[in-house]
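The values are calculated or read from the model by the stated rules, or taken from the named source; none is laboratory data. Remember, it's a predicted structure, so these values are computed and weren't measured experimentally. Glycine gets a Cβ as well: all are built from the backbone with ideal geometry, and neighbour counts include every protein chain shown. The accessibility values were calculated without ligands, DNA or RNA, using every heavy atom of the protein model including side chains. Shrake-Rupley method; radii C 1.70, N 1.55, O 1.52, S 1.80 Å.
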Amino acid sequence: MLTNYVSVDLEMSGLSPVKDRIIEIAALRMENGTVTERFETLVNPNIPIREHITEITGIREDMLHQSPGIDEVMPDFIEFLGNDVLLGHSVGFDFSFIMQSCYDLGLEEVFEREWYGMDTLLIARKYMEAETEKNLDKLCKYYGIKEKEHHRAGSDAEAAARLYEKLCNIYERNVEFQPVRLNYKPKKQTMIAAKQVRFLEKLVRYHGLEQNTDFSKLTQREGSRMADMIIAKYGKIRH
């Protein structure tokens, strides 16, 4: 059983590391079953938050307006993680968002080291009976682990750590659980399409805004984000 590790959990605006954004980050440094340090923050994605994401996480768009952007948060987060093993429930999924964000921000040093993770979802799937539901909240109820706020990063990170301890106590008798190498190949952002440029220019003209950006130099993701920001603040084009 690992005695020192960092339990991580992220909340996102969707399921794609390339198209969607991180909206909350939590990491708990665990030493011998005790939380010794915490890293927790909301992250302003600068895009509208879909209603179903708010329903799942409880995170509203207005909660994010005064929060730091990912460019401010990620360097400090990476420093907090250090060289520890990352633990989480489907930790590879969260890791993909971390690495894609680092790639987009030009934090090349994170790709120069080897990352390892301990995944409580993989352990549960391997050792628990097939009929037991394996999502985090169901497993917490199954084992009597109390969650403060389900689908909030800090609560889920702590729940994953307690779940790991429980799984080790029950199943790690004959074979010690080993961390696995975490890998993610970041996706290069595609340059903006001509149709997207025309839409942005039309949107700016419609709202009478000053155009200070060369839209043709943006990536598709940056263009989508800018369009979302303009629409969120000024509204759609009404025909």
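When a/c is below 1.5 the answer is rounded, else prolate if a/b is larger than b/c, else oblate, so apply that to the stretch 10-142 with a ≥ b ≥ c taken from the square roots of the Cα gyration tensor eigenvalues. Intermediate results must be reported in sequence, preceding the final value.
On the way: a/c = 1.69, a/b = 1.20, b/c = 1.41.
Judged from the Cα gyration tensor, the stretch 10-142 comes out oblate (a/c at least 1.5, b/c at or above a/b).
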(Q) What does the extension gain come out to for M229 and I170, with contour length at 0.36 nm per residue minus their alpha carbon separation? (A) 16.3 nm
Q. Top mean-square fluctuation among A227, A160, A194, Gaussian network model of the chain, C-alpha springs under 10 Å?
A. A194
Q) Under a plain spin-label model, where a point goes 7 Å from the Cα along Cα-to-Cβ, how far apart in nm are N83 and I237? A) 5.4
Q) Hey, in the GNM for the chain with a 10 angstrom Cα cutoff, which one of T36, T213, T54 fluctuates hardest? A) T213
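List the relative contact order of the chain as a percent without decimals, with contacts defined as Cα pairs under 8 Å and 6+ residues apart.
Details: 352 pairs, mean separation 51.4, N = 239.
This gives 22 percent for the chain.
Counting heavy atoms of the protein chains only and a 1.4 Å probe, report the per residue accessible area for the stretch 2-86 as a whole number of Å². Intermediate results must be reported in sequence, preceding the final value.
Working: 3980 Å² over 85 residues.
With the other protein chains kept in place, the stretch 2-86 gives 47 Å² per residue.
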**Q.** the stretch 150-219: C-alpha gyration tensor shape, a/c 1.5 cut-off, then a/b vs b/c
**A.** prolate
Q | Summed residue charge, Cβ within 9 Å of D9's Cβ, Lys/Arg positive, Asp/Glu negative | A | -4
Q) Got a sec? Charge dipole of the chain, +1 on Cβ for Lys and Arg, -1 for Asp and Glu; which of S224, V91, F199 is way out at the positive end? A) F199
Q: Compute the distance in nm between two label points, each set 7 Å from the Cα along the Cα-to-Cβ direction, one at L107 and one at Q220.
A: 2.5
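Using the Cα gyration tensor of the stretch 114-239, with a ≥ b ≥ c the square roots of its eigenvalues, what is the shape: rounded (a/c below 1.5), prolate (a/b larger than b/c) or oblate (neither)?
Details: a/c = 4.16, a/b = 2.53, b/c = 1.64.
It is prolate, given that a/c is not under 1.5 and a/b is the larger ratio.
Where the accessible area of the chain is counted over protein heavy atoms with a 1.4 Å probe, how much of it, in %, is carbon and sulfur?
Details: 6290 of 13220 Å².
Taking all protein chains in place, the chain shows 48 percent carbon and sulfur surface.
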(Q) So if I take the centroid of the Cα atoms in the stretch 30-74 and the same for the stretch 91-128, what is the distance between those two points in Å? (A) 18
Q) Which of F111, F80, F199 moves the most in a Gaussian network model of the chain with Cα springs under 10 Å? A) F199
Q. What accessible area per residue, rounded to a whole number of Å², is obtained for the stretch 89-168 using a probe radius of 1.4 Å?
A. 47
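At 4 °C and a viscosity of 1.567 mPa s, what translational diffusion coefficient does Stokes-Einstein give for the chain, taking Rh as the Kirkwood radius over Cα pairs? Give it in µm²/s as a whole number.
Values: Rh = 19.5 Å.
My calculation gives 66 µm²/s for D.
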Q: Quote the FRET efficiency, to the nearest 0.05, computed for T132 versus V18 with a Förster distance R0 of 41 Å and r equal to the Cβ-Cβ distance.
A: 0.80
Q.
Could you tell me the extents of the stretch 89-133's C-alpha atoms along the three principal axes, largest first, rounded to whole Å?
A. 43, 17, 8
(Q) With a cut-off of 8 Å between alpha carbons and a minimum separation of six or more residues, what is the relative contact order of the stretch 105-217 in percent? (A) 27
